[in-house]
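The values are calculated or read from the model by the stated rules, or taken from the named source; none is laboratory data. Quantities reported herein were computed from a predicted structural model and do not represent experimental measurements. No Cβ is skipped: glycine too gets one built from the backbone with ideal geometry, and neighbour counts run over all protein chains shown.
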Amino acid sequence: MAETAHDLFPDSRPLQEERMQTGILPSQQIRTLVRKHGISATDEIGEDQIQPASLDLRLGPTAHRIRASFLPSPEHPVADKIAEFATHEFSLTEGAVLERGCVYLVKLQEHLKLTRDISGVANPKSSIGRLDVFTRVITEEGSEFDQVSAGYEGPLYAEISPLTFSIIVHAGSRLNQLRLVRGNPVMPGTQTAKLLGELGQDDPYRGGSAVSVDLRGDQGDGAKGGKTRPIGYRARKHTAPIDVDARGRYEPLDFWEPLQPIGAGGLILAPDEFYILVSREAFRVPPGHAAEMVAYDTLVGEFRVHYAGFFDPGFGHEQAGDGSPSGGTRAVLEVRSHEVPFMVEDGQTVGRLLYERLSAEPDKLYGPSIGSSYQHQGLTLGKQFKPFEG
């Protein structure tokens, strides 16, 4: 294994010379890591796992139900924690139900052997966040969830806690994705301002793009035949479990209550309820960049927005036939209130989108050509559901 990323990618050009190849690794460099065994797995890593700037991680064959979430330490590795906290072990080979309100730990199929200048950041996949599944990645001796330290060598584990729906998972199911990073992908303020200007977002919000909620219920995305679309969906309780690997299988109304426009009063978020809403803004993530939505910000209210906050290069950036840029794609907001009821109003800022640079432009972009599910989304449920026709 090479000692540094430069040894791995000697022929890769940065987007700009001053970047010195720092940033999130693109698809072709992830592929190189796989080929040179910086990333390995019990089953062969498929091309469909490699996204423009991330890698889909797969569940292994065995799960443990655990009494409590934990982080390991040098004195107490994951195996010791499992021995202390696990209540029982079961197989995922034929599929299994993970019950809502419970916590599970699954060793992932992927194993890392990173160079000393490559680190990682994980997050839930979009379709998993839209099911209100709280999942995060653990490393051996890791002091933080979803963070992989530079030079890490070892296994990965997924902690999984379904909060609203019980789910069915299988060995090989993909709940998490991993970004690999060389150096610091955060752009200086001047570069951020320039990029936002090019994207037509001339009013930066705390170093990024403001994300506001759309509660108008007008003839926006998703309206058909002159019908007023819902402003969002609220998850129903006590439903059947959802197979996370299904596509277009489930009737939306069996799991979701459509929310209709309610005038100027806003929407009151009830504690312990889960909502799917949509942004007013449409966003574009150009090649050479990725974006992340800040998941929780106490400055905008006591609620959490967006569990799965990573946007690959090309999201909303697909060009029209004449070569002009797309108008962008809206962001779906996964919302859960904390402690007390909280009212959100149409147009209220609920978060921000932060752009980060890649170390090089990827050789594939987010979109239908690589099987991406949400390139043209408006108010859209997870891929497991049939389109809402109400």
Matching residues, the stretch 21-57, being in contact with a strand residue (DSSP E or B) (Cβ under 7 Å, 6 or more places away or on another chain) and either free of Cβ contacts under 8 Å to residues at least 40 places away in the same chain or assigned by TED's automatic domain parsing to the domain that holds F315 (or both)
R31
Need pairs with beta-carbon distance below 6 Å; first residue in contact (Cβ under 8 Å) with a residue 40 or more places away in the chain and within the stretch 139-158, second surrounded by 15 or more Cβ atoms within 10 Å (Cβ to Cβ) and among the acidic types (D, E); sequence gap 6+ or separate chains.
G154/E140; L156/E110
Answer yes if at least one residue in the stretch 106-116 is in a loop (DSSP other than H, G, I, E, B) and over 20 Å from R31 (Cα atoms), and no otherwise.
no
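Hey, could you check the stretch 201-220 for residues that are farther than 30 Å from P185 by Cβ and either out of contact with any Pro (no Cβ under 6 Å at 6 or more places or on another chain) or outside the structural domain of P258 (by TED's automatic domain parsing) (or both) and say which is modelled with the highest pLDDT?
Here the residue is L215.
I'm trying to understand the selection: among the residues of the stretch 117-168, which are touching a Leu at 6+ places or on another chain (Cβ under 8 Å), of a type outside the set (K, R) and part of a loop (DSSP other than H, G, I, E, B)?
Going through the stretch 117-168, the residues touching a Leu at 6+ places or on another chain (Cβ under 8 Å) turn out to be 118-122, 124-125, 128, 130, 132-135, 137-139, 142-145, 148, 150-160, 162, 164-168.
Checking the rest, the ones that are also of a type outside the set (K, R) come to 118-122, 124, 128, 132-135, 137-139, 142-145, 148, 150-160, 162, 164-168.
D132, G142, S143, E144, F145, A150, G151, Y152, T164, F165, S166, listed by residue number.
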All but one of (1) closer than 21 Å to Q29 by Cβ; (2) part of a loop (DSSP other than H, G, I, E, B); (3) at pLDDT below 90 hold for D322, so report the exception by its number.
(1)
